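> For reference, the structure I am asking about is given below.
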Amino acid sequence: MAKKAKARRAYDEDFKREAVQMLQDGYSAKSVAERLGISCPSTIRRWKSQQLADAGPMASAMDSRLKELEIELRRVERERDVLKKALIIFGRDE
């Protein structure tokens, strides 16, 4: 018995932009895919790459800067957490 070909879902450009915006807002590709009913998170990452390519070099530069800032934010949050723990520890001695 032959397998039936699975029908591919077509997404309009507005839907793709909204999905990519969610990705840029900090949601993971997996969570965006689950929320929107998309079977493969890599689809959203591909849409993001296509939008960046279409937008030109300025968008790529902004995306790179955004990634740098997210890395910096995670580092600062880790430092903050260590300082909070240190305050608790040193506060006990008083």
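This table checks each residue for (1) of a type in the set (Asp, Glu); (2) modelled with pLDDT of 90 or more.
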| residue | (1), (2) |
| --- | --- |
| GLY26 | no, no |
| MET62 | no, no |
| LYS85 | no, yes |
| GLU94 | yes, no |
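> Same structure, new question: Restricting the range 51-62 to residues that are out of contact with any Lys or Arg (no Cβ under 8 Å at 6 or more places or on another chain) and surrounded by 10 or more Cβ atoms within 10 Å (Cβ to Cβ), which is farthest from LYS16 (Cα to Cα)? Walk me through it before giving the result.
Taking the range 51-62 and keeping what is out of contact with any Lys or Arg (no Cβ under 8 Å at 6 or more places or on another chain), we get 52-62.
Then drop every residue that is not surrounded by 10 or more Cβ atoms within 10 Å (Cβ to Cβ), which leaves 52-53, 55, 59-62.
Values: LEU52: 13, ALA53: 14, ALA55: 14, ALA59: 17, SER60: 18, ALA61: 21, MET62: 19 Å.
Per the stated criteria, the residue is ALA61.
> A further question follows. Which count do you get for residues in the range 74-94 that are under 25 Å from GLY26 (Cα atoms) and among the β-branched types (Val, Ile, Thr)?
The total comes to 2.
The values are calculated or read from the model by the stated rules, or taken from the named source; none is laboratory data. This is a predicted model, so every value here is computed, not measured. Because the Cβ atoms are built from the backbone with ideal geometry, glycine has one as well, and the counts that use them run over all protein chains shown.
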